[in-house]
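The values are calculated or read from the model by the stated rules, or taken from the named source; none is laboratory data. As the structure is a prediction and not an experimental result, all values here were calculated from the model. Note that we place each Cβ from the backbone using ideal geometry, even for glycine, and neighbour counts take in every protein chain shown.
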């Protein structure tokens, strides 16, 4: 019996390793989509030894580049193998404003626009029973979309990494909801996972108020394994395949308010994102 295929971005990171391990244990063939193949190779070898599953392949991708993201997707499209699981896990929280070759603020590219593009391009390889999981954050609730400044600068005004990160997670949450409706008839389910506050490379303390934040939040910080649990359940649990368009926390769906389910900027966000990625579709 042919192994089903899973694609996991950021598969060599803290939660990415946990997700890849779980999916490999479940018997899937895994494409580890990673920025640094050398670092990823260490993780691949580790997971293969632990799970006995040798069907793990590293394909490099830089989500700060839409060219790289499109090239990655085109490689999979050329192969033509059906994608059963797509895990948009990779993320970043930049410490200063960086603009990509596409004219996007880097956090916005990595956390939202590139996952959007990757998902849109891989949809032809998906069908009945396929699952898409987007890694979001509890910070979506304080996100704000200053369109079109969101794409170019992350937010209006001066750079501040936490609000920009929150804005990208709101955008990814709204994408989850909107896409779920568009692909429902194909039998594809699309859900978002909120991992909680997780100890990963994203959490680094640089300023005095970060130190105070660290002291306050430290008791609530989860390990990567704990943080990955919700995404893993959405990918693998039978019951999770019965719901779509949901935000999930601690392995359970969370009731979203009308403010988010029918966000006033959802269509505008979709339309403007489509314009940005159009040349790569």
*asked:* Contact list please: Cβ distance under 8 Å, first residue in region 238-249 and farther than 19 Å from residue 185 by Cβ, second residue modelled with pLDDT of 95 or more and in a loop (DSSP other than H, G, I, E, B), pairs at least six apart or on different chains.
replied: 247/136
*For region 102-139, how many residues are surrounded by fewer than 24 Cβ atoms within 10 Å (Cβ to Cβ), part of a helix (DSSP H, G or I) and without any contact (Cβ under 8 Å) to a residue 60 or more places away in the chain?*
4
*Does residue 196 qualify as being in a helix (DSSP H, G or I), modelled with pLDDT under 90 and more than 13 Å from residue 132 (Cα to Cα)?*
no
*asked:* I'm trying to understand the selection: among the residues of region 71-97, which are within 20 Å of the chain's Cα centre (by Cα) and assigned to a loop (DSSP other than H, G, I, E, B)?
replied: 82, 89, 90, 91, 92, 93, 94, 95
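Yes/no per residue for (1) over 19 Å from the mean Cα position of the chain (by Cα); (2) surrounded by fewer than 16 Cβ atoms within 10 Å (Cβ to Cβ):
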residue: 243; (1), (2): no, yes
residue: 247; (1), (2): no, no
residue: 250; (1), (2): no, yes
residue: 257; (1), (2): yes, yes
residue: 260; (1), (2): no, no
residue: 263; (1), (2): yes, no
residue: 269; (1), (2): no, no
residue: 275; (1), (2): yes, yes
residue: 278; (1), (2): yes, yes
*Could you list, in sequence order, all residues of region 250-266 that are in a helix (DSSP H, G or I) and either without any contact (Cβ under 8 Å) to a residue 24 or more places away in the chain or closer than 15 Å to residue 169 by Cβ (or both)?*
258, 259, 260, 266
*Per-region count, region 145-155, residues under 15 Å from residue 106 (Cα atoms) and without any contact (Cβ under 8 Å) to a residue 40 or more places away in the chain*: 2
*Within region 2-52, track down each residue that is in a loop (DSSP other than H, G, I, E, B), out of contact with any helix residue (DSSP H, G or I) (no Cβ under 8 Å at 6 or more places or on another chain), at pLDDT 95 or above and within 20 Å of residue 81 (Cβ to Cβ).*
4, 27, 28
